[in-house]
Amino acid sequence: MRDIEKKAEVSQQTIEHFKSIPWVAQYLADESFKPFYQSRVVTHGGEGHTLTGKTWHTDDTIKELLSTYRQPSRNSIDEEVRGEVRRFYTFGKGLNAHPGLLHGGVIATLLDSTLGSAVGMSDPDGGRTMFTVQLNVAYRNPVRTPGTIMITSWVTKREGRKVWVSGRIEGGNGEIHAEGEGLWLAQKAKI
């Protein structure tokens with residue numbers, strides 16, 4: 001499991017933005033979820049994670065993004081509490097398909113990114129390179145823009161280099177916009 005306390009600081013502006021949205025503030029009050037900075041950091045000398053770190057990092061596309069993670073644990077009645085990523089996005093109108101509606105390809109991309117974060121954050125080997133092998137998306141209701149959504153993701157199974165993960169996109173009224181499930185594969189170790 002990764003030490004999320006070592007992640008870069010999340011800006012106070014981002015935290016205040018999401019705390020100002022009442023339904024998001026309720027989720028942020030859950031202290032078992034800790035903010036971490038991910039998907040806005042361009043890596044590999046400017047060539048990695050550029051889509052959300054640069055291209056979609058504008059007021060008209062993804063104005064604000066906040067990722068939180070709850071480490072797996074056991075509760076007081078000895079039940080497993082799963083590790084889970086909650087990622088909040090605030091959109092402008094620059095990623096629309098039809099007027100006022102977020103493009104379905106963007107929805108799939110954000111599910112891929114958030115499900116991948118659950119895989120990475122829960123990796124017991126800490127930081128292996130993982131690749132999406134399969135992603136299935138079921139679109140339930142359109143995402144209206146501008147607006148804010150929450151994507152939740154969690155690992156459902158591990159087997160060797162394979163990791164299965166699920167997630168969903170929700171709006172402020174609890175409406176499910178999309179659900180996803182996928183399979184990730186760890187890169188083979190170099191000999």
Problem - Residue-by-residue Karplus 3J(HN,Hα) for the stretch 88-95, coefficients 6.51, -1.76, 1.60, Hz, glycine and proline x - result: 10, 10, 10, 9, x, 10, x, 10
Completion exercise
Listed by chain and number, the residues whose amide H is under 5 Å from that of Arg140, excluding neighbours fewer than 5 places away on the same chain and using placed H, are Ala178, Glu179
Problem - Gly147 long-range amide H proximity, modeled H, under 5 Å - result: Phe91
Handout entry: For Phe36, residues with placed amide H under 5 Å, excluding near neighbours
Key = Ser67, Thr68, Tyr69
Practice task
Holding the Cα-Cα limit at 26 Å, pick out from Lys63/Lys157; Lys34/Lys93; Lys93/Lys162; Lys162/Lys190 the pairs that are longer than that.
Solution key: Lys63/Lys157; Lys34/Lys93; Lys93/Lys162
Problem - Contour excess over end-to-end distance, with Cα ends at Thr55 and Thr132 and 0.36 nm allotted per residue - result: 25.6 nm
Handout entry: Per-residue HN-Hα couplings for the stretch 97-106 [Karplus 6.51, -1.76, 1.60; θ = phi - 60°; Hz; x = Gly/Pro]
Key = 9, 8, x, x, 10, 5, 5, x, x, 5
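Only Cα pairs under 8 Å and at least 6 apart count here; give the relative contact order of the stretch 125-175 as a rounded whole percent.
The value is 30 percent.
Read-outs throughout are calculated quantities, based only on the coordinates presented, and are distinct from any laboratory measurement. On a predicted model such as this, the values are computed, not experimentally measured, just so you know.
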